[in-house]
Amino acid sequence: TELMVNMNKHSHAKNVVVEFTQEGEKAFINYKDDGVGFGPGPDFGNGLTNTVSRIESLNGDINFGESDKAGVAIAIRLPLQPDKL
């Protein structure tokens, strides 16, 4: 949800792609937009900082990068099995 809030408030993106996939016991969420992107050394606000903390508390990880058409690319990986949490 926070990714959508930030896209709406900050990125000025015209196009957004959110892809959900599953491989084995892992779920993947890939987000890309064509907005303004992050500046050098992005300083995340509370929303994205809390999002990173929540994902890490679930034994997942999140990677931030640049989209191939400017903007932002974000990859999230989460375990699906409760005993992996």
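Brief remarks on what is shown
- Summed over the residues of the chain and divided among them, the accessible surface reaches 69 Å² per residue at a probe radius of 1.4 Å.
- Accessible-area composition of the chain, carbon plus sulfur, in percent [1.4 Å probe]: 50 percent
- Total lysine pairs in the chain at Cα distances under 20 Å, for residues eight or more apart or on different chains: 6.
- Per-residue ellipticity at 222 nm, computed for the chain from helices alone with -39500 (n - 2.57) per DSSP H run of at least four residues, works out to -5500 deg cm²/dmol.
- Whole-number D in µm²/s for the chain (Stokes-Einstein; Kirkwood sum over Cα pairs; 10 °C, 1.306 mPa s): 118 µm²/s
The values are calculated or read from the model by the stated rules, or taken from the named source; none is laboratory data. As the structure is a computational prediction, the values presented were derived from the model and not from experiment. Side chains are part of the model used for accessible areas, which takes the heavy atoms of the whole protein and leaves out ligands, DNA and RNA. Shrake-Rupley method; radii C 1.70, N 1.55, O 1.52, S 1.80 Å.
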